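One structure is given here, and the rest of the page talks about it.
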Amino acid sequence: MNSSCKKITPLEKFSTVVTGAAGSSSAFLVAVLLILVWLITGPIFNYSDTWQLVINTGTTIITFLMVFLIQRSQNKESIAIHLKLNELVAAHSKASNRLVSVEDLTEEELRVLRKFYAKLATMSKEEDSMQQTHSIEEAEELHEEKQAEKEGR
């Protein structure tokens, strides 16, 4: 991709850095150390309401912010995976093009498509070879041919 087309906003850059840092071993270690410090200071502050409020408030704020960072990261990764899969489907001449942008279908359309592939899986189990792959239409034709051969014997 041409670098002149790439325009990363400061917020996107910041969230990418924070997401990467938050998922690191160092971040986990810092979190554990903070909890230990909080526990150790319990007796110093007589386990007061303020002492408890500090950890409750801190963890609530961090959790609230992390939910949005995690969702942002998952959305970006999901889009990238869908694009890669679309490229693979589009590049394969025998692949069913109905699967390109399948993520844009309604839930009902996905259920219908899932039934087709469940049927394809069932038919595949009846085949002699599990390595064969077909489109649904090809699989139905092949299955009917094999059934006819069995009945004709």
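The values are calculated or read from the model by the stated rules, or taken from the named source; none is laboratory data. For clarity, every value in this text was computed on a predicted model and none was experimentally measured. Ideal geometry is used to build each Cβ from the backbone, glycine not excepted, and the neighbour counts take in all protein chains shown.
List of remarks:
- Condition check for Lys115: surrounded by 12 or more Cβ atoms within 10 Å (Cβ to Cβ), among the basic types (Lys, Arg) and either at pLDDT 85 or above or within 30 Å of Val30 (Cα to Cα) (or both): no
- Of all residues in segment 66-86, those satisfying the criterion of being surrounded by 13 or more Cβ atoms within 10 Å (Cβ to Cβ) and more than 13 Å from the chain's Cα centre (by Cα) are Met66, Leu69, Asn86.
- Test: residue in segment 48-64 that is under 21 Å from the mean Cα position of the chain (by Cα) and of a type outside the set (S, T, N, Q): yes
- For Val100, the conditions (1) in contact (Cβ under 8 Å) with a residue 12 or more places away in the chain; (2) more than 30 Å from Glu138 (Cα to Cα) are fulfilled apart from (2).
- Condition met for Ile61 (among the aliphatic types (A, V, I, L, M), in the same structural domain as Val18 (by TED's automatic domain parsing) and free of Cβ contacts under 8 Å to residues at least 12 places away in the same chain): yes
- Conditions (1) of a type outside the set (Gly, Ala, Ser); (2) outside any helix (DSSP H, G or I); (3) surrounded by 10 or more Cβ atoms within 10 Å (Cβ to Cβ); number of the one not met by Lys7: (3)
- Residue list for segment 3-25, filter: modelled with pLDDT under 90, among the polar types (S, T, N, Q) and farther than 16 Å from Met66 by Cα: Ser3, Ser4
- Meets criteria (closer than 30 Å to Leu120 by Cβ, among the polar types (S, T, N, Q) and without any contact (Cβ under 8 Å) to a residue 24 or more places away in the chain) for Ser48: no
- Which numbered condition Asp49 fails, given (1) in the same structural domain as Val32 (by TED's automatic domain parsing); (2) farther than 30 Å from Ala27 by Cα: (2)
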